[in-house]
Amino acid sequence: MPRILPHIPERCLRAVFFFAAIAAGLAISGSAEAAPPSLREIISRVEATYNRADDFRADFVQESKIASMGKTIHEEGTVSIKKPARMLWEYRKPSAKKLVINDETAWLYVPEEHMVYVQDAPQILKSKMSIRFLAGMGKLEDAFAVAFTEEPSSGSETYRLTLTPKVYEGGIKTLTATVDARTSHITAFDFTDMYDNTTKVSLSNIRINTGLPENLFQFTPPPGTDIYHVQ
């Protein structure tokens, strides 16, 4: 009988909810404007562009600071997202691991431990906000109170937005997103949880609507892998 573990390791899931909700579709090309856009204009671009994005891929650098331990974990890899509710996080550094999520199942595969954690996807994607955005039907201000972190100027290369959840979900207190003024890509986001742990994710090499295949979001454990089902 498979061993039951309490949950997939939290730091492997911490970025999933809000990354899926916001970073998955933010890609408008164009030149920087002479005057900075209003908050309403930025929100409208975010929502409209996400609704046009069927899939998303980017390289990421994730830095997680665990307050209780005074420890910082630095990880790098590639993230791929496809509507509806499909994700693949491929970690390359400091060690390889893979988090695969589709509309039914989530797998966290840790090769060096010969182990895969299996969980029902709805348990991970239970945030109403995440599901709405992955389905392309959400409105940013339905889920967040949005404000400028700092007022932009006409020469700003980036815009910083502070997003405070209207309903407390996923243990996240506040999310701050950085938007590139020229491309309107989200190039970084960071957030703090209820325990004052912080996570920052920086994105590069962003690609939208590349036609990610469905089999990218399936996983078959290699022979000899221990399978642990998570409640």
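The values are calculated or read from the model by the stated rules, or taken from the named source; none is laboratory data. Remember, it's a predicted structure, so these values are computed and weren't measured experimentally. When we count neighbours, we look across all protein chains shown, and the Cβ atoms used for this are built from the backbone with ideal geometry, even at glycine.
Is it the case, given these coordinates, that Gly224 is on the phi > 0 side of the Ramachandran plot and either of a type outside the set (D, E, K, R) or not in a loop (DSSP other than H, G, I, E, B) (or both)?
Working: on the phi > 0 side of the Ramachandran plot: yes; either of a type outside the set (D, E, K, R) or not in a loop (DSSP other than H, G, I, E, B) (or both): yes.
In short, yes.
Tell me which residues, restricted to the stretch 166-212, are among the charged types (D, E, K, R), touching an Asp or Glu at 6+ places or on another chain (Cβ under 8 Å) and part of a strand (DSSP E or B).
Our first condition is that a residue be among the charged types (D, E, K, R); within the stretch 166-212, this holds for 166, 169, 173, 180, 182, 190, 193, 196, 200, 207.
Retained after the next criterion (residues that are touching an Asp or Glu at 6+ places or on another chain (Cβ under 8 Å)): 166, 173, 180, 182, 200.
Within the stretch 166-212, Lys173, Asp180, Lys200 qualify.
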Can you name every residue in the stretch 173-231 that is farther than 17 Å from Val46 by Cβ and of a type in the set (Gly, Ala, Ser)? Ser202, Ser204, Gly211, Gly224
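With surrounded by 16 or more Cβ atoms within 10 Å (Cβ to Cβ), in contact with a helix residue (DSSP H, G or I) (Cβ under 7 Å, 6 or more places away or on another chain), hydrophobic (A, V, I, L, M, F, W, C) and at pLDDT 65 or above as the only criterion, which of Phe56, Phe60, Phe17 stands out? Can you show your working first?
Details: Phe60 fails: in contact with a helix residue (DSSP H, G or I) (Cβ under 7 Å, 6 or more places away or on another chain); Phe17 fails: at pLDDT 65 or above.
Exactly one residue qualifies, and that residue is Phe56.
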Within the stretch 27-49, is even one residue at pLDDT 85 or above and under 14 Å from the mean Cα position of the chain (by Cα)? no
Only one of Glu157, Glu169, Glu214, Glu141 is at pLDDT 90 or above, out of contact with any strand residue (DSSP E or B) (no Cβ under 6 Å at 6 or more places or on another chain) and charged (D, E, K, R). Can you tell me which? Glu214
For Gln123, which of the numbered conditions (1) part of a strand (DSSP E or B); (2) modelled with pLDDT under 85 fails to hold? (1)
For His74, work out the one condition from (1) of a type outside the set (Gly, Ala, Ser); (2) surrounded by 18 or more Cβ atoms within 10 Å (Cβ to Cβ); (3) assigned to a strand (DSSP E or B) it doesn't fulfil. (2)
Identify, from the list Lys200, Lys166, the residue that is crowded, with 16+ Cβ neighbours inside 10 Å, touching a residue at least 24 places away in the same chain (Cβ under 8 Å) and among the basic types (Lys, Arg). Lys200
